[in-house]
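A short write-up of the structure that comes next.
The values are calculated or read from the model by the stated rules, or taken from the named source; none is laboratory data. Predicted, not measured: the structure shown is a model, and the values here were computed from it. With ideal geometry, Cβ positions are generated from the backbone for all residues, glycine too; neighbour counts draw on all protein chains shown.
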């Protein structure tokens with residue numbers, strides 16, 4: 001018989017459901033912290049602004065610098081991208097030392113998925129599906145697979 005998973009009970013938070021990113025109120029609530037988190041991760045990974053813009057879906061320079069100064073409500077795609085990157089960041093920091101976790105994204109990788117290129121190059125080339133693949137790879141490693 002499988003063991004039951006105990007879901008914590010926290011007032012005001014439903015662990016059973018992911019946030020509905022199609023809902024404008026939800027996006028308004030999550031956008032400021034998502035932007036702040038993304039900028040911190042990009043800084044830790046030493047991602048160039050040009051690459052950071054691509055990770056966000058190819059936004060223009062003007063939109064990117066405006067976003068840095070005056071956070072706005074993000075669209076569903078951008079929030080999903082940031083969520084994937086936060087998951088990648090978290091997994092790397094569970095798997096590796098802080099120094100390697102921050103460098104991993106920009107190091108050439110021998111995994112056949114990357115073909116000797118960096119995980120960052122892979123994500124830039126494939127966009128959101130590439131981010132999902134990297135996230136799945138790291139989650140599988142975390143699970144011992």
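Restricting attention to the range 69-123, the residues that are surrounded by 17 or more Cβ atoms within 10 Å (Cβ to Cβ) and more than 18 Å from residue 38 (Cβ to Cβ) add up to 4. Note on the range 119-145: residues that are modelled with pLDDT under 95 and over 13 Å from the mean Cα position of the chain (by Cα) amount to 6. Report whether or not residue 59 is modelled with pLDDT of 95 or more, touching a helix residue (DSSP H, G or I) at 6+ places or on another chain (Cβ under 7 Å), in a loop (DSSP other than H, G, I, E, B) and within 24 Å of residue 133 (Cβ to Cβ). Yes.
To keep it simple, each residue is scored yes or no on (1) more than 20 Å from residue 19 (Cβ to Cβ); (2) assigned to a helix (DSSP H, G or I); (3) free of Cβ contacts under 8 Å to residues at least 24 places away in the same chain; (4) under 16 Å from the mean Cα position of the chain (by Cα).
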| site | (1), (2), (3), (4) |
| --- | --- |
| 38 | no, yes, no, yes |
| 44 | yes, yes, no, yes |
| 51 | yes, yes, no, yes |
| 68 | yes, yes, no, no |
| 74 | no, no, no, yes |
| 81 | no, yes, no, yes |
| 85 | no, yes, no, yes |
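Residues in the range 53-66 that are at negative phi and touching a residue at least 40 places away in the same chain (Cβ under 8 Å) were compared, and the one that is surrounded by the most Cβ atoms within 10 Å (Cβ to Cβ) is 55.
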